[in-house]
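The values are calculated or read from the model by the stated rules, or taken from the named source; none is laboratory data. None of the values given here were measured: they were computed from a predicted structure. So basically every Cβ, Gly included, is an ideal-geometry build from the backbone, and we count neighbours across all protein chains shown. In case anyone asks, the SASA skips ligands and DNA or RNA and just uses the protein heavy atoms, side chains included. Shrake-Rupley method; radii C 1.70, N 1.55, O 1.52, S 1.80 Å.
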Amino acid sequence: MTKAVFYPYPRLDAAHVRWSEWSVSVDGREVAIDDLADSWDANSELVFRRTVTIGVDAYRNLGGGEARLILTASCKHTAITRYASAALTFDRASGTAVADVRIAGRDISEALELRSKIVLPVPAKIGERRGPAWLSTRVVAEAKSADIRLSSDTDAFPTVAYSFEEQGILDAPWRISVNAEEPEAPFLHSIRLELNEDYSLIRDLMDGKPNATVEAELDASITRALVGGIARMSEINQTDARMDQIAAEYPDSLAAGAQRATKTYLKRSLDAAIRLYRTRPEDFEYLLASGTKIFANGRR
């Protein structure tokens, strides 16, 4: 049975509300949302902007009053929420508002949730006493929330270190396991990095003194494992779904982690990276070596 949602007040039909895409600027410089993770630090000021437009006839059918756009940016990791609002201004055909919500880099970490809604005053009834302030407005339209990643790290998943020799397994500096059947699976539960502490360079990495080439090779290995794992799942499941769409719908998924890696190191969408991985593996490796800057410290 289809779930039906009822509201205590009339609302704007989705067809009568046009939301812009979110935009963001860092210290006054506009950046792409997908590049935000690599564009800010604790000293930055982030400004998120959104515009909304509604039809004037649909607005009048709700009983009038001052319509306002409300934006919020919330970080659950630091328990911080910032608000912004703006009144809609109307012409003969439509009403429009744009608002900026500002948040300091020192106040946030890991991820943000962005929300946007339109509110109107609750219509007063004759002889009725005004209720508390929080009951004085009603939500007449609300957009789907957006989850924004603030970290582009691809190694933020379970990592263990042990001697491969003592365990009697094949010698290698590391092993990456992708254990999931669907690209929607949670990232943190789907991938595991096993480091071989028999190597002095790996011990340096574990001690926070990494060799630049080792770091680059590890980034490349993680990216390759993620793209290969997602490509395998899409074949096994015989799905026609776009992996970038799945990543957008499930921001904590394995697909989303793979997408962050491909955008960081290949400058490609996840779908484009998978096609390259399958059809032109030599070009995939070339782009990966360039993006991770393997041996960059060895250039003259």
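Brief remarks follow.
- Largest to smallest accessible area among 53, 78 [probe 1.4 Å]: 78, 53
- Each Cα pair under 8 Å and six or more residues apart adds its sequence gap; the mean of these over the residue count of the chain is a relative contact order of 13 percent.
- Expected 222 nm ellipticity per residue - DSSP helices of 4 or more, -39500 (n - 2.57), all of the chain, to 500: -7500 deg cm²/dmol
- DSSP beta bridges confined to the chain are antiparallel in about 95 percent of cases.
- Amide N of the range 258-279 lying under 19 Å from the label point, which is placed 7 angstrom from the Cα of residue 21 along Cα→Cβ: 259-273
- Given (i) 24.0, 88; (ii) 21.1, 74; (iii) 24.4, 83, the label whose value is Rg and Dmax of the Cα atoms in Å derived from this model: (iii)
- Longest to shortest principal axis, alpha-carbon extents of the range 15-149, angstrom: 54, 34, 21
- Cα-projected label distance for residue 235 with residue 211, points at 7 Å along beta-carbon direction, nm: 3.3
- For the chain, with all protein chains in place and a probe radius of 1.4 Å, 48% of the accessible heavy-atom surface sits on carbon or sulfur.
- Given 267/293; 76/267; 117/263; 76/117; 76/144, the pairs whose alpha carbons are separated by over 25 Å: 76/267; 117/263
- Compared with the direct C-alpha span, the chain from residue 204 to residue 32 gains 58.4 nm at full extension, assuming 0.36 nm per residue.
- Residue with peak Gaussian network fluctuation, the chain [Cα springs, cutoff 10 Å], from 170, 195, 12: 170
- Multiplying the residue separation of residue 272 and residue 249 by 0.36 nm and subtracting their alpha-carbon distance yields 6.5 nm.
- With only Cα atoms counted, the range 159-292 has Rg and Dmax values of 15.4, 45 Å.
- For the chain, the solvent-accessible area with a 1.4 angstrom probe is 60 square angstrom per residue.
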